[in-house]
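Beneath this line is the structure, given in structure tokens, with notes to follow.
The values are calculated or read from the model by the stated rules, or taken from the named source; none is laboratory data. Not measured: the values here are computed from a predicted model. A quick note on method: Cβ atoms are made from the backbone with ideal geometry, for glycine too, and the neighbour counts reach across all protein chains shown.
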């Protein structure tokens, strides 16, 4: 099998296993197994067509649509393996940290905002002018932290949802 034939078949196999949420080693095992099956189909098609390009196209068509097979491969990965991969994947971990930071920052910021608002609404608590200044400072800090948390969540979600360039 020459490079002209193997390149489309390799690209096809790469598309199949690219989206499977598992380790590189497991992806390589899947790829090798799929490659063996695809090569067997290629050999049958080569006997029938006597043309390497036509045999490669026929083998890929018989193997199936890459989107369908990729989703079937993804379904074979157990939930706990997908979860572990999602948490430990090093290539795209930034969006997770941003979401985590945002989910922590929002309640912390609101923890500063709500007592300050309660102090402004209750005249018995706002007795001294120093406490009003402190309440305003805590309110401003709380708003800043909360908005930073919202921004972090949005940024993290945008990193996760943006299309991957290949």
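Below is a table of values for the structure above.
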item	result
Unique match (being touching a helix residue (DSSP H, G or I) at 6+ places or on another chain (Cβ under 9 Å), farther than 13 Å from residue 15 by Cβ and either at pLDDT below 80 or in a helix (DSSP H, G or I) (or both)) among 62, 74	62
Boolean, residue 5 is at pLDDT below 85, out of contact with any strand residue (DSSP E or B) (no Cβ under 6 Å at 6 or more places or on another chain), surrounded by 14 or more Cβ atoms within 10 Å (Cβ to Cβ) and outside any helix (DSSP H, G or I)	no
From 32, 45, residue being surrounded by 13 or more Cβ atoms within 10 Å (Cβ to Cβ) and either over 33 Å from the mean Cα position of the chain (by Cα) or closer than 30 Å to residue 161 by Cα (or both)	45
Condition met for residue 101 (at pLDDT 85 or above and exposed (fewer than 13 other Cβ atoms within 10 Å of the Cβ))	no
Test set (1) closer than 15 Å to residue 98 by Cβ; (2) at pLDDT 90 or above - residue 111 fails condition number	(1)
Candidate set from the stretch 130-154 (those that are closer than 11 Å to residue 114 by Cα and surrounded by 16 or more Cβ atoms within 10 Å (Cβ to Cβ)); member that is modelled with the lowest pLDDT	135
